[in-house]
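Asker: This is the structure, below, for whatever I ask next.
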Amino acid sequence: MNGRLRLIGLAVIAGLVVAGLLFCFSGIVSAPSLTTTTLPTFKAAPEPAAPKIKVLTLYQKGERFSNLAVGVSSALGKKFQDLAIFQSINLLEEPQLAGFYDISSAPAVVFVSPGGKVLYTHEGFLAKEEIIRKISELSKG
């Protein structure tokens, strides 16, 4: 019985091999031509953007100067997104950040390096022009 199963198994394998060869040489499937091979072309990857300074506006929602500071941050974020990353954070929702950035009043603007190091902190309202000037100064080194 063992010999008969072995013989049937070999016959099945031989049949599959013959069927595969017939299929390949029947013209249904053609082998790729080695003389007309074209290599794919690739576009060069774009240069990675330089790391940006983060400008965090820490505010208390509803407080007059905090509302002004959020407006400034939002306007700068739209106009100068290539210069820095602008983010506004409500200290009423994330009070632990006041301690983390050593802030005792709001609004406050914190300039953070791409590596996460605090470069400069200003407590109180900071005008658009002053923020842009500070980013430029900190980006130079």
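The numbers here are math on the coordinates, done by the rules we state, and not lab data. None of the values given here were measured: they were computed from a predicted structure. Don't worry about glycine lacking a Cβ; one is built from the backbone with ideal geometry, like all the others, and counts go over all protein chains shown.
Asker: Taking the residues in region 109-128 that are in contact with a helix residue (DSSP H, G or I) (Cβ under 8 Å, 6 or more places away or on another chain) and of a type in the set (A, V, I, L, M) as candidates, determine which candidate is farthest from Ser73 (Cα to Cα).
Answerer: That would be Leu119.
Asker: Among Leu126, Leu83, which is more than 25 Å from the chain's Cα centre (by Cα) and surrounded by 15 or more Cβ atoms within 10 Å (Cβ to Cβ)? Before the answer, list the steps.
Answerer: On the way: Leu83 fails: more than 25 Å from the chain's Cα centre (by Cα).
Just one listed residue meets the conditions, Leu126.
Asker: Could you tell me which residue of region 97-106 is nearest to the chain's Cα centre (by Cα), considering only residues that are surrounded by fewer than 12 Cβ atoms within 10 Å (Cβ to Cβ) and in a loop (DSSP other than H, G, I, E, B)?
Answerer: Among residues in region 97-106 that are surrounded by fewer than 12 Cβ atoms within 10 Å (Cβ to Cβ) and in a loop (DSSP other than H, G, I, E, B), the one nearest to the chain's Cα centre (by Cα) is Asp102.
Asker: Also, quick follow-up: Please go through region 108-123 and pick out each residue that is assigned to a strand (DSSP E or B) and either exposed (fewer than 11 other Cβ atoms within 10 Å of the Cβ) or free of Cβ contacts under 8 Å to residues at least 24 places away in the same chain (or both).
Answerer: Residues of region 108-123 assigned to a strand (DSSP E or B): 108-112, 118-123.
Answer for region 108-123, where residues must be assigned to a strand (DSSP E or B) and either exposed (fewer than 11 other Cβ atoms within 10 Å of the Cβ) or free of Cβ contacts under 8 Å to residues at least 24 places away in the same chain (or both): Val118, Tyr120, Thr121, His122, Glu123.
Asker: Right, another one. Consider Lys54 carefully, then state whether it is more than 22 Å from the chain's Cα centre (by Cα) and touching a residue at least 12 places away in the same chain (Cβ under 8 Å). Explain how you work it out, then say what you get.
Answerer: Values: more than 22 Å from the chain's Cα centre (by Cα): no; touching a residue at least 12 places away in the same chain (Cβ under 8 Å): yes.
Criteria not met by Lys54.
Asker: Continuing with this model, one more query. Tell me, please, whether a residue that is touching a residue at least 40 places away in the same chain (Cβ under 8 Å) and either in a strand (DSSP E or B) or of a type outside the set (Ser, Thr, Tyr) (or both) can be found in region 87-96. Walk me through it before giving the result.
Answerer: So the first thing to find is which residues in region 87-96 are touching a residue at least 40 places away in the same chain (Cβ under 8 Å), and the list is none.
No - not one qualifying residue is present in region 87-96.
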